[in-house]
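In what follows, a single structure is set out as structure tokens and then discussed.
The values are calculated or read from the model by the stated rules, or taken from the named source; none is laboratory data. Predicted model only: the values in this text are computed from it and were never measured. Note: ideal-geometry Cβ built from the backbone for every residue, glycine included; neighbour counts use all protein chains shown. With ligands, DNA and RNA removed, areas are computed over all heavy atoms of the protein, side chains included. Shrake-Rupley method; radii C 1.70, N 1.55, O 1.52, S 1.80 Å.
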Amino acid sequence: MILTIIILIVTVAMFVAGRLRADIVALGSLVVMLLGGILTPTEALAGFSNPVVVMMVGLFVVGGAILQTGLAKAASHRIMQLARGNDTLLFLLVILVTAFIGAFVSNTGTVALMMPIIVSMAAESHKSASTLLMPLAFASSMGGMLTLIGTPPNLVIDSALRENGHEGLSFFSFLPVGAICLAVGILVMLPLSRIFLKKKTADNEGIRGKTLDQLAEEYQLAGGVTAYKVDARSMIVGKTVAQLNLRADYGINVIEIRKETSRHHGLIRNVTQSLPTQDTTLEADDIIYLQGREEDIKAFALKASLHPEHASGINFYDIGIAEIVVMPESRLVGQRLSDSRFREHYNVNVLGVKRSNDYITDNLPATRLKAGDTLLIQGTWEHIMKIDKEEDDWLLIGQPREMAEKVTLDYKAPLAAVIMLAMVVVMALDVIPIAPVTAVMAAGVLMVVCGCFRSVDAAYKTINWESIILIAAMMPMATALEKTGVSTLVSHTLVASLGTVGSMALLCGIYFTTSLLTMFISNTATAVLMAPIAMSASAELGISPLPVLFAVTLGASMCFASPFSTPPNALVMQAGNYSFKDYVKVGLPLQIIMGIVMTVVLPLLFPF
């Protein structure tokens, strides 16, 4: 018992110090318990196969797909427009939208989605985003209390109930609790954020480098590129790009060929982009993107019987754009662009040239390159990445791999929505004989197989492995505490000191003990530690474990007084230019008021 207590104290102290990553600390404590003979290898590794951990992996993938397809961003942005300049309405919309998304997506993913929207909205309206960013982080945690999958501590107490022979919680068992949390949060945060956060100035620098949309706008691609759909009766069907001889006859280029197929009323839609070569054969229903002067493009389109494709904008699914700078000693200096043979040698197009403050997009083949020119190139992401590795004549600006991973596959949004909705329905309805972890795993696999990610690697990158390892490594700590009698000792102490006063005192003690621990270690780790103690204490006192376990998940999730207690709190700290004191000013009153309200409400919702 003494060794277990020492390991626990040292682990908590190292979590608080923050000098080592939390997952390394958790793994270290696990190894020490193995070496000390406290746990067997089977007991130590049980956390890595725990359904809660597996479910969290799947939820990271599902949440990543919702972000990758732009589904959450599109829905949020439309709702934001309803505010129409009203600060109070905007505040309410931000809180409600964030809470709704947070009920189904991890709170970290929710904040990562909403934060850039809030910052850009603030920049456009010339207002500070700081009054919304901290409430945004808090609302994501409150939203997690609306459903079973909203936050990991919810899954922890559900697992604790099932392991001890009790009936598990349903998908919406948390809804009344979450709704009350949200109401209290709004009433408290609205005045506090305006009093203490109004004068803050957010850091709006954002991500270094230009986005793809910014590049397209800077070089005015939308104005110089027009999309047309090839009719089955068109004269160009069956011809190669070389046979069309567009550059010589019309002074225009085919810079992209897009094929779109859809089934089931557009729900399952696939888009393939390709960079045409001289041997590429045009087919019926191809969408071709032509670059050149407007009158020349219209003349060719009229002759070839092409139909304008107004709905298709500049997208970067398979094909991307990037900038390269011509170096002073480059062989390209003095060459005409037509002689550089970028397409033939590197499978990329040059869409524009930036020289000082001038942008050259007309008569590009005849343009002679100079040192320092910036060329906007277009090609598949793989070819853009290769052009960076193979040449010393230019410098590629930006990171193509990172840019490609940020491309939103918006045409997959309807499919992602159906998959997520099906997962939620299966988890919400107990009559469907499918375990929640099975539903989440199936949804995650479908998101990958159906193309809601650019690649399998992109899906893996959405998983926060540090959190997964932390939780899996900390779960055996609960086993160690029970095995060595520490949990029993703590529960006896709580019952002896608070149980004699009454069940309400025990509930209050559990709540605020959990809340205090969460200020120093992760909320999930705290829930893992406190859940078995709450179960033992409630059994010893002879009361229902439900209100006590809900006190654990609430105490672990409703922790706002520290920027390090939850990932969302830490995520908004720099962007909102917050100090530790700001969290104390706004978060501590909210945390105390939330604790008082919930200790009164929980016994009413879940009687002892």
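Full extension of the chain segment joining A417 with I434 gains 4.1 nm, where the gain is 0.36 nm per residue of separation less the Cα-Cα distance. Computed with a 1.4 Å probe over protein heavy atoms only, the accessible surface of the chain comes to 45 Å² per residue. At an R0 of 25 angstrom, the distance between the Cβ atoms of K386 and N357 translates into a FRET efficiency of 0.25.
At a Förster radius of 56 Å, what calculated FRET efficiency corresponds to the Cβ-Cβ distance of D393 and F580, to the nearest 0.05? So, using R0 = 56 Å, E works out to roughly 0.65. Spin-label pair I592-K370: with each label point 7 Å from Cα along the Cα-Cβ axis, the two points sit 6.7 nm from one another. Gain on full extension, evaluated as 0.36 nm per residue between N347 and T240 minus their Cα-Cα distance, stands at 36.8 nm. Surface composition of the chain: carbon and sulfur atoms hold 60% of the protein heavy-atom accessible area at a 1.4 Å probe. Only helices enter this figure: runs of n ≥ 4 DSSP H residues, each worth -39500 (n - 2.57), summed and divided by the residues of the chain, yield -18000 deg cm²/dmol at 222 nm to the nearest 500. Let a ≥ b ≥ c be the square roots of the eigenvalues of the Cα gyration tensor of region 1-70; is it rounded (a/c under 1.5), or, if not, prolate (a/b larger than b/c) or oblate? Since a/c reaches 1.5 but b/c is at least a/b, the shape of region 1-70 is classed as oblate.
Applying 1/(1 + (r/R0)^6) with r as the Cβ-Cβ distance of R247 and N86 and R0 = 41 angstrom yields a FRET efficiency of 0.15. Placing a label point 7 Å from the Cα of E540 along the Cα-to-Cβ direction, the residues of region 3-29 whose backbone N falls under 20 Å from that point are 3-6, 8-9. The Cα atoms of region 24-105 give a gyration tensor whose axes a ≥ b ≥ c have a/c of 1.5 or more with a/b greater than b/c, which makes the shape prolate.
With the simple spin-label model, which puts each label point 7 Å out from Cα in the Cβ direction, the D296 to R78 separation comes to 4.0 nm. For the residue pairs K259/K370; K259/K354; K229/K386; K354/K389; K229/K389, the alpha carbons lie more than 27 Å apart in K259/K370; K259/K354; K229/K386; K229/K389.
About its Cα centre, the dipole of the chain is roughly 920 debye, where the only charges are +1 on Lys and Arg Cβ and -1 on Asp and Glu Cβ.
Once the Cα-Cα distance is subtracted from the 0.36 nm per residue extended length, the A13 to W465 segment shows a gain of 160.5 nm. Each Lys or Arg adds one and each Asp or Glu takes one away; over the other residues whose Cβ falls under 12 Å from the Cβ of L489, this sums to -2.
Of all aspartates and glutamates in the structure, the ones whose alpha carbon falls short of 15 Å from that of K303, not counting any fewer than 8 places away in one chain, are D231, D249, E294, E295. Each Lys and Arg Cβ is given +1 and each Asp and Glu Cβ -1; about its Cα centre, region 309-381 then shows a dipole of about 280 debye. Most tightly packed first, judged by the mean number of other beta-carbon atoms within 10 Å of their residues, the peptides 538-544, 438-444, 345-351 read 438-444, 345-351, 538-544. Can you classify region 285-391 as rounded, prolate or oblate using the Cα gyration tensor, where a ≥ b ≥ c are the square roots of its eigenvalues, rounded means a/c under 1.5, and otherwise it's prolate if a/b beats b/c and oblate if not? Because a/c hits 1.5 or more and a/b exceeds b/c, region 285-391 counts as prolate.
Look at (1) 91, 64, 49; (2) 94, 52, 48; (3) 94, 66, 59: the one that is Cα extents along the principal axes in Å derived from this structure is (2). With unit charges on the beta carbons (Lys and Arg positive, Asp and Glu negative) and the dipole taken about the Cα centre of the chain, which residue among M1, G238, A575 sits farthest to the positive side? Of the listed residues, the answer is A575.
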